[in-house]
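Working notes, beginning with the structure itself.
A short reminder: the numbers here are calculations on the coordinates, not readings from a lab. Keep in mind it's a predicted model, so treat the numbers as computed, not measured. Glycine gets a Cβ as well: all are built from the backbone with ideal geometry, and neighbour counts include every protein chain shown.
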Amino acid sequence: MNLYTAVKIALPSIILCASFHVQATTFSNEFNGGELGYLGAVGSTTYGETFTSPGGVLNDFTLYASSGYGTSNYGTGYVGFGISAWDGTKAVGPALYTSAPIPYSGKTKAFEATGLNLALPLNKEYVAYLTVAGIQNPVYFVRMQGSNNNGELTGNHVYSNAVDPLNASQPWGVDKTYYMRFTANFTNNTIPVPEPETYAMLLAGLGIVGFAGRRRFKSA
């Protein structure tokens, strides 16, 4: 294979790769002093925040506790973190993600689900939730941080008292006063309008093709 042919084959791939970039987007709302409670052994079994996917890959999701007790005698209790599809009224199993039990000993805490790598189609509904259902040594109670805005990620604060949040026959309750405070990070693989450096690469490639063609013409 001569240089001219090799460049002709490689150039479209070069241009296509130059056009791709990964766009990272963070959705987050702020704690405004409102507390949501109670989640745990003396409260609701499950607290969640629904959201409509902006499309792309969900990398991590964080929910924030404001105060509480791990156990009634100030020890350590546990809670699980899950992410599931949402049918408009309740979570739908199987879960897309479930964590190992997360320890909680009281006070403020960020409950983090990281390294998710979940490809979530555009405009589909999901729920990120904390639960004590099926958890050994569950937290006594947790009061979650609330917010009065949705962080530009459409959804609601929801809750359930079901023994299994993924097999509940009844719709979850909806809190239309507050959202849960959260942070969610997405990446989107997009093909944007070519940027200036893409055009520069295209021109350089065309120059190589022209130079190779000229050499080939002279040698003939």
Set of aspartates and glutamates near Lys109 by C-alpha distance (under 18 Å), chain-local residues within fewer than 8 positions excluded: Glu30, Glu35, Glu49, Asp60
13 Å beta-carbon shell around Ala128, net charge (K/R +1, D/E -1): -3
Charge context of Ala91, other residues only, Cβ under 14 angstrom, K/R +1, D/E -1: -2
Region 47-118: radius of gyration over Cα atoms, expressed as a fraction of 2.2 N^0.38 Å: 1.24
Rounded to whole Å, sorted largest first: equivalent-ellipsoid semi-axes of region 45-183, Cα gyration tensor: 23, 16, 15
Neighbourhood net charge (14 Å Cβ-Cβ; Lys/Arg +1, Asp/Glu -1) for Ser160: -3
q = 0.23 Å⁻¹: log10 I(q)/I(0) that the Debye formula gives for region 110-188, counting C-alpha atoms only: -1.47
Pair-distance profile P(r), taking every C-alpha pair of region 104-156, with 10 angstrom steps and integer %: 15, 43, 34, 8
Phi-based couplings in Hz for region 120-133 (Karplus 6.51, -1.76, 1.60; Gly and Pro marked x): 10, x, 4, 6, 8, 9, 9, 9, 9, 9, 10, 8, 9, 5
